[in-house]
Amino acid sequence: MWLRKAGEDWQLFQELRNDWMHELRPVLDQYVSRTAGSCIEEKDYSLVWHYRRADADLGEMRARELVSHLSFMTANSDLQVLEGNKVIEIKHVGINKGTAASRWLAQYPADFILALGDDRTDEDTFRALPASAYTVRVGGSTRSRARFRLAGVKEVRALLGRL
């Protein structure tokens, strides 16, 4: 949603509504009260339910329930429900890291592009970048659009150190 050139202020790259948040926030609040260790992150134009600190089995069960509940509530709207790494996010369709990366690169072409990510939301970036980009999935055994894979943070730091 926000892009910033070095030394400048953050700029909203597309005007969006966020009035839908007051309707869906009570649903997320209900899941927080039913799932110890979960919490809500409210961003400017999205809501995120985090369950990383919840009991693993309970968190997964509640996440499936929440996705079903929210998918019903957001049907026929310009909102989407995304499942990430121990998070459920509700946001506008088509607004993602890949959209931001594409807009940035359209304004500021680059000779070298490196994108690293460990989450479902990073797949939008991998998909949007040119074939010449170095895209790296960090951890996990799920399928990815990234060209390369690193096991974890230790390997990422080693790679960045070598660069």
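The values are calculated or read from the model by the stated rules, or taken from the named source; none is laboratory data. Note that the coordinates shown come from a computational prediction; the quantities given were computed from them, not determined experimentally. Cβ: placed from backbone, ideal geometry, glycine included. Neighbour counts: every protein chain shown.
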Residue match in the stretch 54-69 (condition: under 20 Å from the mean Cα position of the chain (by Cα), assigned to a loop (DSSP other than H, G, I, E, B) and at pLDDT 95 or above): yes
Name the residues in the stretch 79-97 that are touching a Leu at 6+ places or on another chain (Cβ under 9 Å) and either over 18 Å from Arg4 (Cβ atoms) or loosely packed, with under 13 Cβ neighbours inside 10 Å (or both), would you? Leu79, Val81, Ile88, Glu89, Ile90, Lys91, His92, Val93
What are the residues in the stretch 74-93 that are closer than 21 Å to Ala56 by Cα and among the aliphatic types (A, V, I, L, M), if any? Val81, Leu82, Val87, Ile88
Please specify each residue of the stretch 132-163 satisfying the condition of being in a loop (DSSP other than H, G, I, E, B), closer than 24 Å to Val93 by Cα and free of Cβ contacts under 8 Å to residues at least 24 places away in the same chain. Thr142, Arg143, Ser144, Arg145
If only one of Asp111, Asp118 is in contact with a Gly (Cβ under 9 Å, 6 or more places away or on another chain) and among the acidic types (Asp, Glu), which one is it? Asp118
Every residue from the stretch 1-50 that is among the aliphatic types (A, V, I, L, M), closer than 30 Å to Gln107 by Cα and either assigned to a loop (DSSP other than H, G, I, E, B) or in contact with a Pro (Cβ under 8 Å, 6 or more places away or on another chain) (or both): Met1, Ala6, Leu16
Looking at the stretch 8-27, can you tell me whether even one residue there is surrounded by 17 or more Cβ atoms within 10 Å (Cβ to Cβ) and of a type in the set (S, T, N, Q)? no
Select from the stretch 84-98 the residues that are at pLDDT 90 or above and outside any loop (DSSP other than H, G, I, E, B) and list them in ascending order. Val87, Ile88, Glu89, Ile90, Lys91, His92, Gly98
Just to verify a result, which residue in the stretch 101-122, among those that are in contact with a helix residue (DSSP H, G or I) (Cβ under 8 Å, 6 or more places away or on another chain) and outside any loop (DSSP other than H, G, I, E, B), is surrounded by the most Cβ atoms within 10 Å (Cβ to Cβ)? Asp122
Of all residues in the stretch 135-159, which are hydroxyl-bearing (Ser, Thr, Tyr) and loosely packed, with under 13 Cβ neighbours inside 10 Å? Ser141, Thr142
